[in-house]
Amino acid sequence: MDAAEFRKRGKEMVDYIADYLEKIEKRQVFPDVEPGYLRPLIPDCAPQDPESFEDVFKDIEKIIMPGVTHWHSPYFFAYFPAASSFPALLADMLCGGIGCVGFSWAASPACTELETVMLDWLGKMINLPEEFLAGKDGQGGGVIQGSASEATLISLLAARTKTIRRVQLEKPELTEADIMGRLVAYASDQAHSSVERAALIGGVKIKNVSSDDTFSVCGSALKKVLDEDKASGLIPFFFCATLGTTPCCSFDKLLELGPICNKENIWMHIDAAYAGSAFICPEFRHLLNGVEFADSFNFNPHKWLLVNFDCSAMWVKKRSDLTGAFKLEPLYLQHHHQESGNFINKLHYYYFHWQIPLGRRFRSLKLWFVLRMYGVTGLQEHIRKHVRLSHQFEHLVLQDERFEISAEVVLGLVCFRLKGSNELNKALLKSINEAKKIHLVPCHLRETFVLRFAICSRTVESTHIKFAWQHISQLATALLKTWEQNHHQQ
């Protein structure tokens, strides 16, 4: 394909994507295919000779689309949002076109510098304390990771290194292996599984801290487990607080937890993967109070801020904690500007010291396009609209005495269920997802099986919420009738 054909085909692809997104609600939200559907539809090996673009293009609808779950459908209410917008898609095209691998300033100066500035923009939008911003000579700063899971892992590994070095200074007789065997990380029993996975990869113990009746971790619960572990000779070193848990969007009590972590020399990382975007709205910013005690903070613009995947924003108070943990500088990655003082801060020259992989894409372009073309007010309205729709659904649920709300509705997630057994609610979810008119996923709150209704699509409207509730209500009526008949027969 030469440049002339690329121009032609590129326009066709843009038209196809625009049509797909404009007409997405006409597509069934969840596919009908069975596992293994795709292999019989394509050859066993790659073609020996080139095929035409037309051949490839016609197979999109024939082979790919039948197996796509349409995350951007206004009938998709599962998981959390996967953000997307036309400005972000255009920026992603430019990112792919430039095709740099921006691991350092010299590898692509614009890639490094724009990221530093965009993370400062974003940090100011959510009113992060000054220490987390790079500015012109700050000690902190932001970086774009691939996911919140990576941000948690990076912060845990940095905390591990920092703690090992501190303990070795205090007790030189202890080897690194001695210390590693005694390190303990902590997270809420409602925290995402990626926190436990980070500890597994990091080779350290992790313990759950019990959440309260609102599914939040409070200071007394953390202090209790810390005191027990210290008395047993263990070394607490890391706590992951969650703002907006995956099961029910609950919020750990930062103002209680932060001072404890600071006093005990424990790195506090805040995972606000979903909820963090809402902090751009002044009425939700109080949920972030206590971030001043944290060492690192993360949220995903690729969930709720109209920036398509992947774009996970992470800030640290002291970036030297990251660069000190992961710093390696072979000659082929060094350059003559690295010791100059004329850059925002020379520690930003090497973003690969802030992450697991060496290579990185020009992801800050997506932030730059979206923040400029929506503005703060446009993004705030997007968040507020989703929150209004979640309360609309909550209101519909509460009007039906057969149903109950299972957790406080704070942002764009409603946890609800039929009053009755877990088996009854599993049957309801099965009937909802088998009908394939809308798509939901469940969670467990303690021992209770709950249905999650997340407002996800950029294009979702009040009419889609009303349709979803009517559909759920009708399925519930049919299910309860069958359930009662079976019960009487037994």
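Filter region 442-490 down to residues that are modelled with pLDDT under 95 and in contact with a Lys or Arg (Cβ under 6 Å, 6 or more places away or on another chain), then give me how many there are.
Matching residues across region 442-490 total 1.
Return only the number of the condition from (1) part of a helix (DSSP H, G or I); (2) at pLDDT below 95; (3) within 24 Å of the chain's Cα centre (by Cα) that LEU347 does not satisfy.
Of everything listed in (1) part of a helix (DSSP H, G or I); (2) at pLDDT below 95; (3) within 24 Å of the chain's Cα centre (by Cα), LEU347 misses just condition (3).
Is there a residue being under 17 Å from ALA185 (Cβ atoms) and crowded, with 19+ Cβ neighbours inside 10 Å anywhere in region 270-282? Talk me through it step by step, then tell me what you get.
Within region 270-282, the subset under 17 Å from ALA185 (Cβ atoms) is 270-271.
Narrowing further to those that are crowded, with 19+ Cβ neighbours inside 10 Å: 270-271.
Checked region 270-282: at least one residue is under 17 Å from ALA185 (Cβ atoms) and crowded, with 19+ Cβ neighbours inside 10 Å.
Any residue in region 215-225 that is closer than 29 Å to ARG384 by Cα, in contact with a Leu (Cβ under 6 Å, 6 or more places away or on another chain) and open to solvent by less than 20 Å² (accessible area, probe 1.4 Å)? Give the steps one after another, and end with the answer.
Within region 215-225, the subset closer than 29 Å to ARG384 by Cα is 215-218.
Those left that are additionally in contact with a Leu (Cβ under 6 Å, 6 or more places away or on another chain): none.
Within region 215-225 (the criterion being closer than 29 Å to ARG384 by Cα, in contact with a Leu (Cβ under 6 Å, 6 or more places away or on another chain) and open to solvent by less than 20 Å² (accessible area, probe 1.4 Å)), the answer is no, since none of the residues qualifies.
Taking GLU196 as meeting all but one of (1) of a type outside the set (Lys, Arg); (2) buried (at least 21 other Cβ atoms within 10 Å of the Cβ); (3) closer than 22 Å to TRP354 by Cα, write down the number of the exception.
GLU196 satisfies all of (1) of a type outside the set (Lys, Arg); (2) buried (at least 21 other Cβ atoms within 10 Å of the Cβ); (3) closer than 22 Å to TRP354 by Cα except (2).
Which one of these does HIS382 not meet: (1) out of contact with any strand residue (DSSP E or B) (no Cβ under 6 Å at 6 or more places or on another chain); (2) in a helix (DSSP H, G or I); (3) over 22 Å from LEU306 (Cβ atoms); (4) open to solvent by less than 70 Å² (accessible area, probe 1.4 Å)?
(3)
So which strands (runs of 3 or more DSSP E) stay within region 135-254 end to end and still have 1 or more residues that are among the small types (Gly, Ala, Ser)?
Values: elements: 141-145, 183-188, 205-209, 235-242.
Output list reads 141-145, 183-188, 235-242.
Tally the residues that are within 25 Å of ALA177 (Cα to Cα) and of a type in the set (Ser, Thr, Tyr), restricting the search to region 223-268.
Of the residues in that region, 1 qualify.
Can you confirm whether ASP49 is open to solvent by 80 Å² or more (accessible area, probe 1.4 Å), over 24 Å from PHE86 (Cα atoms) and touching a residue at least 60 places away in the same chain (Cβ under 8 Å)? Let's see the steps before the verdict.
Working: open to solvent by 80 Å² or more (accessible area, probe 1.4 Å): yes; over 24 Å from PHE86 (Cα atoms): yes; touching a residue at least 60 places away in the same chain (Cβ under 8 Å): no.
Against the criterion (open to solvent by 80 Å² or more (accessible area, probe 1.4 Å), over 24 Å from PHE86 (Cα atoms) and touching a residue at least 60 places away in the same chain (Cβ under 8 Å)), ASP49 does not qualify.
The values are calculated or read from the model by the stated rules, or taken from the named source; none is laboratory data. Here the structure is a predicted model, which is why all the values come from computation and not from measurement. Note that each Cβ is placed from the backbone with ideal geometry, even for glycine, and that neighbours are counted across all protein chains shown. To get the accessible areas, we keep the full protein, side chains included, count just its heavy atoms, and leave off ligands, DNA and RNA. Shrake-Rupley method; radii C 1.70, N 1.55, O 1.52, S 1.80 Å.
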